[in-house]
1. About the Cα centre of segment 147-303, what is the dipole size in debye to 20, counting +1 per Lys and Arg Cβ and -1 per Asp and Glu Cβ, all else neutral?
2. Using 1/(1 + (r/R0)^6) with R0 = 22 angstrom and r between the beta carbons of Glu184 and Leu150, what's the FRET efficiency to the nearest 0.05?
3. Through the Karplus equation 6.51 cos²θ - 1.76 cosθ + 1.60, θ set to phi - 60°, convert the phi angles of segment 102-107 into ³J(HN,Hα) values in whole Hz; use x for Gly and Pro.
4. Mind giving me the FRET efficiency for Arg309 and Ala44? R0 is 30 Å, r the Cβ-Cβ distance, nearest 0.05 is fine.
5. Could you tell me what fraction of 2.2 N^0.38 Å the Cα radius of gyration of the chain comes to, as a two-decimal ratio?
6. Please give the length that would be gained between Glu272 and Thr323 if that part of the chain were fully extended, namely 0.36 nm times their separation in residues minus their C-alpha to C-alpha distance (nm, one decimal).
7. Name the residue farthest towards the positive end of the dipole of the chain from the options Ala17, Val304, Leu151, assuming +1 on Cβ of Lys and Arg, -1 on Cβ of Asp and Glu, about the Cα centre.
8. If you take every DSSP beta bridge fully contained in the chain, what fraction is antiparallel? Give it as a percent rounded to 5.
Amino acid sequence: MTKALALFSGGLDSILAARVVAAQGIEVLAVKFVTPFFHYDLLADVAGYRREVREKYGLEVVVEDISEGYLELLHHPRHGFGRHFNPCIDCKIMMLQRAKEMMAEVGASFLVTGEVLGQRPMSQRRDTLNVIGRDSGSRSILLRPLSAKLLPETDPEQQGLVDRSRLLDFSGRGRSRQIALAGEFGIRDFPSPAGGCILADPILSRRLERLYGGQLALPIADITVADVRLLLVGRQFVLPGGGWLVVGRVEAENDRLLGLAAADDAVLRIQERPGPIAIIRRAARCYPDPAALTADLDLAASLVARYARKIDGRPRAGEIIITLAGSERHVAAAPAVDEDFAGWML
């Protein structure tokens with residue numbers, strides 16, 4: 001039996017593309033790529049995710065973590081960024097390159113994506129689709145079944161592996177035809193259109209630009225997956241001494257911060273009432289000046305007091321526990337004044 005490997009975002013287009021090909025009697029294996037910016041939490045329960053996709057959409061899926069390569073890509077994407085820090089074209093090229101490498105591993109004859117001509121202004125124009133196919137080295141084996149009749153024939157069509165007459169001619173940003181097709185396949189439970197890639201979020205993009213610009217007291221070459229995941233959590237500050245401070249907003253974020261904290265981070269918490277967990281990333285080794293470290297720790301303690309539970313409607317002083325490099329000290333901290341730290345926000 002002919003086998004295809006389909007890039008699977010989990011959105012409606014990728015679901016339909018895989019099902020359109022599978023409807024021709026072709027075995028389709030979906031591959032879900034994850035990075036810290038999209039779907040990373042699936043790694044905690046891959047088996048559960050595979051079961052969900054099988055039950056909902058009748059597809060077999062594998063989960064592939066491309067985080068390390070993706071972080072490297074963000075340093076210098078060949079085709080640049082979109083409006084913010086979103087390397088849309090290079091992102092798709094990277095995923096297709098990895099999928100092409102996987103073909104021999106899984107016995108696939110060609111690749112499938114859910115791209116729709118004209119649906120996205122940066123990555124799904126006709127000229128961009130050509131660039132993606134060319135630079136990923138997959139142009140001849142890359143089938144886009146939802147728009148195939150509007151695009152040149154691919155090898156699987158020319159070789160008779162796929163019946164072109166049963167492919168589609170979708171284009172533009174509308175979803176009515178996709179929804180109708182989903183109904184024909186008996187698919188009722190599918191995701192609503194997403195608001196776009198999280199890398200196009202202006203706040204996160206600003207944080208990433210500063211991280212990759214070396215402005216967060218971290219060596220650029222040492223950026224890790226955990227560092228990037230940290231950017232997605234809580235309130236973020238760059239302290240006057242250069243420290244990168246993250247302050248949890250709710251209990252779930254406090255738990256995430258503790259899970260992401262490294263041995264060389266400073267961890268702060270308030271002693272006598274509910275309040276945030278805060279960490280200064282790499283505090284044990286990013287301060288050449290001990291006085292600057294002490295000053296930033298004191299300022300971080302004042303922010304923990306500021307965001308701790310108020311008393312009589314007002315922020316109050318509190319005892320802050322600071323853990324760093326295996327030692328612990330207690331600081332009596334007055335709450336920071338909003339006007340003083342507004343300029344530190346990341």
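Computed from the coordinates by the stated procedures, all read-outs in this text should not be read as laboratory data. A quick note: this is a predicted structure, and the numbers were derived from the prediction, not measured. Here Cβ is always computed from backbone atoms with ideal geometry, including for glycine, and neighbour counts include all displayed protein chains.
1. Values: 19 positive and 20 negative charges, 84 e Å.
That gives segment 147-303 a dipole magnitude of about 400 debye.
2. On the way: r = 20 Å, r/R0 = 0.92.
Here the calculated transfer efficiency is 0.60.
3. For segment 102-107, the Karplus-derived couplings read 6, 4, 5, 5, 9, x Hz, x marking Gly and Pro.
4. Values: r = 30 Å, r/R0 = 1.01.
About 0.50, to the nearest 0.05.
5. Numbers: Rg = 24.3 Å, N = 346, 2.2 N^0.38 = 20.3 Å.
For the chain, the normalised Cα radius of gyration comes out at 1.20.
6. Working: separation 51, 0.36 × 51 = 18.36 nm, distance 1.63 nm.
The span from Glu272 to Thr323 would gain 16.7 nm if fully extended.
7. Leu151
8. On the way: 24 of 41 bridges.
Just about 60 percent of them are antiparallel.
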